[in-house]
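Report on one structure; see the data block that follows.
None of the figures in this text is laboratory data; all of them are computed from the coordinates on show. Bear in mind that the values here come from a model prediction, so they are computed numbers and not experimental data. Every residue, glycine among them, receives a Cβ derived from its backbone with ideal geometry; neighbour counts consider all protein chains shown.
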Amino acid sequence: MDAEKVPQEVEGRPSKKQPKTFTKKTSILLLFLTLVFSVGTGYALGHFYFWNDIDMKRVNEQLEFYKEEVRKDPANLENRIILGYTYFLKGDNEKAIKEFDFVLEQDKNYYDAHYNLGLVFLDEERYNEALIEFEKTVKIAPKDFKGHMQMGITYRELEEYDNATKALEQANKLAPTNADIIYQIGMVAEAKGNYDDAILIYKDALAFDPLYTDAVDALDRLKDKDTKAKGE
């Protein structure tokens, strides 16, 4: 979801100087962008986070802001998507689903609503329902890799490994240097017990992103498995 740029507050007539202050809405949008970049990818990959007090304070600020925005303008669907996503960050999936469902009642082809609803279902291990939502995102935006990637993750959870591989390979064609996708392909190989292949794939993910901690952890995990196997 692309966040639109918001004008910043300036004093007096326009000048080339940078503004000293931000409007409240600008500050909240910057907060939202920070959250998306810092945790959005992780949630998109079906990971879970332990929030510290500072993080949760920021999420709560965002929640209160967008609750008020939706109250003032109930028809603004983008605000409802952000509100639903914020509920999701707080673990309030029921309220998140309510917001996404409202959006889909107004526009059944709203990509972000289907995508985020799929994430909630994935979080709740409602894999068949999640798959339906991600299939819809692929139909709406077939060239967006995220829908294909989420289908791959969901198929893996359903232990449909061939379908998972096909979906992830399609995502990889659309975004060939994305370490997240490569990592997920490795997860499928590991789930199938193809540990040697998984190790090579995780190393590929690290070649694109040397700081990818999940891939590092996966290699350590497989090294432990290999050590145990050799010791038997």
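Could you tell me which of rounded, prolate or oblate describes the range 138-182, using a ≥ b ≥ c as the square roots of the eigenvalues of the alpha-carbon gyration tensor, with rounded for a/c under 1.5 and, failing that, prolate when a/b is larger than b/c and oblate otherwise? In terms of gyration-tensor shape, oblate. Arranged from fewest to most other beta-carbon atoms within 10 Å of their beta carbon, Arg58, Arg221, Arg71 become Arg71, Arg221, Arg58. When you restrict to C-alpha pairs under 8 Å that are six or more residues apart and normalise by the size of the range 84-123, the relative contact order lands at 37 percent.
Extension gain, Glu129 to Glu64, is 20.5 nm, computed as 0.36 nm per intervening residue step minus the present C-alpha separation.
Ranking Met151, Thr165, Ala141 by how far each Cα lies toward the positive end of the dipole of the range 74-199 (charges on Cβ) leaves Ala141 at the top.
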